[in-house]
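Peer 1: The structure under discussion is supplied below as structure tokens; questions concerning it will follow.
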Amino acid sequence: MKILVTGANGHLGSKVVEHLLATVPAKNVAVSVRDPGKAAALGARGVEIRKGDFEDPVSLANVFAGIDRLLIISVMGDNETRTRLHLNAVAAAKKAKVGYLAYTSLAKADSSTLWLGEVHRATEKAIRETGIPYTLLRNNWYIENELDLIQSIASGGPLVTSAGNGRVSWAPRADYALAAANVLSGSGHENKTYELSGPSATYMDLAAALSKVLGREVPVRQADDNALGTALAGMGVPHEMIPFAVGIHAAIRQGALDVKSKDFETLLRRSVTPLKSQLESVLKGLSVSA
Ligand SMILES: NC(=O)c1ccc[n+]([C@@H]2O[C@H](COP(=O)([O-])OP(=O)(O)OC[C@H]3O[C@@H](n4cnc5c(N)ncnc54)[C@H](OP(=O)(O)O)[C@@H]3O)[C@@H](O)[C@H]2O)c1
């Protein structure tokens with residue numbers, strides 16, 4: 001059996017590969033990367049390195065040839081680019097007759113009001129239409145998305161949000177990666193859609209958890225969308241990113257990331273990393289003493 005992971009030089013993909021290598025022989029693992037040089041260390045461990053770019057659908061079918069289980073990791077970019085590249089990858093998987101296809105999607109992708117929801121809706125639809133047995137891994141929110149916010153709070157700023165009582169299931173990339181690796185190396189996941197959402201929390205809960213970790217009260221400022229935009233600009237968030245960030249808080253306020261599911265724990269075979277531990281790890285990465 002040969003398993004291939006795309007985006008293996010990226011943050012999530014590299015963690016999926018590490019988790020896979022803990023249980024699957026390296027000769028059964030392949031990666032598709034745009035820069036094989038960056039994957040040389042994996043090659044030295046026996047992982048097959050294939051050069052692949054979703055911009056090149058013709059060669060991509062060769063990259064996916066002979067693969068029994070494929071994980072397509074979603075890419076970054078504007079919605080049009082993301083959708084086009086994902087559909088290229090899905091079409092290549094079909095052309096290459098891969099035996100099984102998993103995809104890193106988004107919480108409630110079928111109904112999500114997040115601006116990136118349409119990307120994942122279109123990709124999920126294309127995957128279903130291939131007829132290839134599939135698993136949709138609907139990731140909730142990376143705690144790493146909050147790095148700038150946590151950095152700003154650690155430097156003494158308040159937590160500013162317009163998300164109100166909206167709930168989010170934060171988890172570290174490492175948890176999403178372990179769930180994906182367990183699906184790829186496991187069985188019985190064909191034609192399943194998993195909501196990878198653990199215990200949920202509001203931004204007030206996030207502030208309370210940060211208060212415990214930092215040992216001081218983190219003030220919360222509930223703002224409207226305009227005031228949030230102004231606050232983000234003051235934190236140094238680039239001008240062009242502000243509408244996206246404000247849109248995310250607005251969608252969270254409307255429940256876009258509020259999901260109750262046991263899928264994540266089931267796939268992890270343990271609990272999702274507790275929020276306080278997630279924050280401790282993030283702060284350690286930022287070299288901020290708690
Ligand atoms: N749920 C959430 O909270 C959340 C948050 C952030 C991101 N995401 C999604 O999760 C994905 C993985 O996250 P991440 O943190 O690992 O991001 P990342 O480190 O930026 O990884 C993205 C991967 O996509 C690959 N990629 C980009 N363009 C490509 C192309 N044309 N052909 C093939 N591969 C291409 C990159 O390849 P190279 O290594 O060659 O650059 C990279 O490995 C993101 O791309 C995004 O869609 C979800």
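The values are calculated or read from the model by the stated rules, or taken from the named source; none is laboratory data. Because the structure is a prediction, the values reported are computed rather than measured. So basically every Cβ, Gly included, is an ideal-geometry build from the backbone, and we count neighbours across all protein chains shown.
Peer 1: Here is a list: 203, 194. Which entry is farther than 30 Å from residue 18 by Cβ, among the hydroxyl-bearing types (Ser, Thr, Tyr) and in contact with a strand residue (DSSP E or B) (Cβ under 8 Å, 6 or more places away or on another chain)?
Peer 2: So the residue among 203, 194 that is farther than 30 Å from residue 18 by Cβ, among the hydroxyl-bearing types (Ser, Thr, Tyr) and in contact with a strand residue (DSSP E or B) (Cβ under 8 Å, 6 or more places away or on another chain) is 203.
Peer 1: How about the stretch 88-167: which strands (runs of 3 or more DSSP E) wholly inside it have at least 2 residues that are within 13 Å of the ligand (Cβ to nearest atom)?
Peer 2: Once the strands (runs of 3 or more DSSP E) in the stretch 88-167 are filtered for at least 2 residues that are within 13 Å of the ligand (Cβ to nearest atom), what remains is 101-106, 134-139.
Peer 1: When you scan the stretch 19-40, do you find a residue that is within 12 Å of the ligand (Cβ to nearest atom), under 18 Å from residue 119 (Cβ atoms), in contact with a strand residue (DSSP E or B) (Cβ under 6 Å, 6 or more places away or on another chain) and assigned by TED's automatic domain parsing to the domain that holds residue 102, even just one?
Peer 2: Checking the stretch 19-40: not a single residue is within 12 Å of the ligand (Cβ to nearest atom), under 18 Å from residue 119 (Cβ atoms), in contact with a strand residue (DSSP E or B) (Cβ under 6 Å, 6 or more places away or on another chain) and assigned by TED's automatic domain parsing to the domain that holds residue 102.
Peer 1: So which helices (runs of 4 or more DSSP H) are wholly in the stretch 211-272 and hold at least 3 residues that are out of contact with any strand residue (DSSP E or B) (no Cβ under 7 Å at 6 or more places or on another chain) and farther than 21 Å from residue 112 by Cα?
Peer 2: It comes to 225-234, 263-268.
Peer 1: Quick one: residue 3 ticks every box in (1) over 22 Å from the mean Cα position of the chain (by Cα); (2) more than 14 Å from the ligand (Cβ to nearest atom) except a single one, so which number is it?
Peer 2: (1)
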